[in-house]
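Okay, structure first, notes after.
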Amino acid sequence: MACAVTGLSHPGIPVCSRSSERCWQGVDCPIEQDDLRSEQEVLKSEQEAHSNTIAELLREVGMPAGDPCRSDYLAWLAQQRTPEGTPVPPRLLDEIARTHVRLRLVMEQLAEIEEQ
């Protein structure tokens, strides 16, 4: 049977035809909120993983991570110094920047889901 909300057929559930005597009645569409919650949980897990990756990379050079969720995080990080007083190594900064882009994308997707 097609879902009343999405109009899609779901695997394992036969599509009802008007001529069928065995038409499935009362088969509900999976609740969309459950799907959103599941996606939200996955995204929160990804957000945590990206934040932890950034923190681990900075710990390797003896620096605190700060708050990677800040929108101005990369500008802030560029101003920071290692315990030896040197700037963050360029290759490390590049790797963190790529991870930060992924983190910000996940944060944007989470915000979209929370609006729904």
Calculate, in nm to one decimal, what Glu95 and Arg37 gain on full extension: separation in residues at 0.36 nm each, minus their alpha carbon distance. 17.8 nm
By how many nm would the segment from Asp67 to Gln109 grow when fully extended, if each residue of separation counts as 0.36 nm and the alpha-carbon distance is taken off? 13.2 nm
The relative contact order of segment 32-115, taking Cα pairs under 8 Å that sit 6 or more residues apart, comes to a percentage of 40 percent
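Quick note: the coordinates plus some simple rules give every number you see, no bench work behind them. Since this is a predicted model, take the numbers as computed values, not measurements.
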